[in-house]
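Novice: Provided herewith is a single structure, encoded as structure tokens, for subsequent inquiry.
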Amino acid sequence: MTADSTPALVKQADADTEGPAPATSPAARGPRARNTKAYLKYVAGKIVGAAVSLFAVLVTSFFLFRLIPSDPVKQMTGGRRVSAEQLESLRHQFGLDQPMWQQFTSYVGDALTGDFGTSFQYHAPVMDKITEALPATLLLTGTAYVLYSALGIWLGTRTAWRNGSKSDRFNTALALTLYSVPSFWLGLLLIIVFSVGVGPIPGMFPTGGLESGNESGFAYVLDVAHHMVLPVITLVAVGYAQTLLVMRSSLLDEMGSDYLTTARAKGLRDDTVRRRHAVPNAMLPTFTLMFVNLGHVVAGQILVETVFSWPGLGGLFYQGLSVPDLPLVQGLFFVFATAVILANTLADLLYPLLDPRVGR
């Protein structure tokens, strides 16, 4: 009975083995195909969301600054006596006598081609002024961004890993204090202490500006670096505090996870567990913050640049608001918002590389 049934079982096993073979390859490709399709749908959704956000910013930038209770034409005349005919001529020249809907459609159409009009106070294309001021902003905020991101992640990791120690309490208290301090107030304090001088502390750094104007070559590089010290310290002090607090909180959430206990039970050193397991899994919130701050590298720091008379986009925006120079502030507002939106979108697209669950 057993001998007679064996061939049948063998044949059945062979049939079961051979039968599903043609479907093995599609089955293996199926999940990958579904994941790819889900990711492409995820990417498309993020891009569409970014496009909608950019259009909303375009609309907001047009109407927001028209709520400022001021006449830009009268501001441009600098208080001089000007006839009504001259004022009307200036309004016509800058298109301010057109109906609001016509101004809006013209603005949107031109902005989509990168034309934000002509600045009222500088009498130059807005994009030319933005291009002219952009390098100074990138130099200042880019330098500060690299420094406070690295410092915040490093200190945030160390304080969380040594939770409850004296260094943790000191660094956390200092970060909370600096994070709550207004950046412009901290900048003014640094100017008073280290530029003007207080008591035994002499004035060591310039009060503002990008350069002295009489240097060249390597001396020029040192001069610019000398002018950057105080504004960079101001930006780093606030930025590193924010990064430290986010990194510390995220790592503390990971430290109680079972996979870290398992890694230690396998004999891995504490530094290895932290560096190779805990920190990478705790980086997602900090990763988000870093990309938000990356957008602010282009957007600049309006108050800090104004306090230190830095010739960047932030100072240019402040000057535009004082008129108000509608084309200039509209163009700068759109550039600032676009930088932040694009940075956030890029972070969303890179999330699946850190966490494969995202985008499925």
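Novice: Quick check: is even one residue across segment 250-262 of a type in the set (A, V, I, L, M, F, W, C), modelled with pLDDT of 80 or more and either under 24 Å from the mean Cα position of the chain (by Cα) or open to solvent by 40 Å² or more (accessible area, probe 1.4 Å) (or both)? Before the answer, list the steps.
Specialist: If we filter segment 250-262 for residues that are of a type in the set (A, V, I, L, M, F, W, C), which is where we start, we get 251-252, 255, 260.
From what is left, the residues that are modelled with pLDDT of 80 or more are 251-252.
Cutting the leftovers down to either under 24 Å from the mean Cα position of the chain (by Cα) or open to solvent by 40 Å² or more (accessible area, probe 1.4 Å) (or both) gives us 251-252.
Looking for residues that are of a type in the set (A, V, I, L, M, F, W, C), modelled with pLDDT of 80 or more and either under 24 Å from the mean Cα position of the chain (by Cα) or open to solvent by 40 Å² or more (accessible area, probe 1.4 Å) (or both), one finds at least one in segment 250-262, hence yes.
Novice: Among the residues that make up segment 286-306, is at least one of them in contact (Cβ under 8 Å) with a residue 12 or more places away in the chain, farther than 30 Å from residue 132 by Cα and open to solvent by less than 10 Å² (accessible area, probe 1.4 Å)?
Specialist: So the first thing to find is which residues in segment 286-306 are in contact (Cβ under 8 Å) with a residue 12 or more places away in the chain, and the list is 286-306.
Okay, now just the ones that are also farther than 30 Å from residue 132 by Cα, so 286-287.
Still in the running and open to solvent by less than 10 Å² (accessible area, probe 1.4 Å): 286.
Yes, segment 286-306 contains a residue that is in contact (Cβ under 8 Å) with a residue 12 or more places away in the chain, farther than 30 Å from residue 132 by Cα and open to solvent by less than 10 Å² (accessible area, probe 1.4 Å).
Novice: Run residue 116 past the list (1) of a type in the set (A, V, I, L, M, F, W, C); (2) part of a helix (DSSP H, G or I); (3) buried (at least 16 other Cβ atoms within 10 Å of the Cβ) and report the number of the one that doesn't hold.
Specialist: (2)
Novice: Here's another thing I want to ask about it. Identify, by number, the condition in (1) aromatic (Phe, Trp, Tyr); (2) touching a helix residue (DSSP H, G or I) at 6+ places or on another chain (Cβ under 7 Å); (3) free of Cβ contacts under 8 Å to residues at least 60 places away in the same chain; (4) under 17 Å from residue 152 (Cβ atoms) that residue 170 doesn't meet.
Specialist: Condition (2) is where residue 170 drops out.
Novice: Do we have residue 108 as part of a helix (DSSP H, G or I), at pLDDT below 85 and at negative phi here?
Specialist: Numbers: part of a helix (DSSP H, G or I): yes; at pLDDT below 85: yes; at negative phi: yes.
Criteria met by residue 108.
Novice: What is the one condition in (1) at pLDDT below 90; (2) open to solvent by 30 Å² or more (accessible area, probe 1.4 Å); (3) within 25 Å of residue 336 (Cα to Cα) that residue 145 does not satisfy?
Specialist: Result: residue 145 fails condition (1) only.
Novice: Being outside any helix (DSSP H, G or I) and β-branched (Val, Ile, Thr) is the filter here; which residues of segment 308-350 pass it? Give the derivation first.
Specialist: Filtering segment 308-350 for residues outside any helix (DSSP H, G or I) gives 308-312, 322-325.
Correct list: 323 only.
The values are calculated or read from the model by the stated rules, or taken from the named source; none is laboratory data. Being a predicted model, the structure only gives us computed values, none of them experimental. Cβ sites come from the backbone with ideal geometry, for glycine too, and all protein chains shown count toward neighbours. Surface areas here come from the heavy atoms of the whole protein model, side chains and all, with no ligands, DNA or RNA. Shrake-Rupley method; radii C 1.70, N 1.55, O 1.52, S 1.80 Å.
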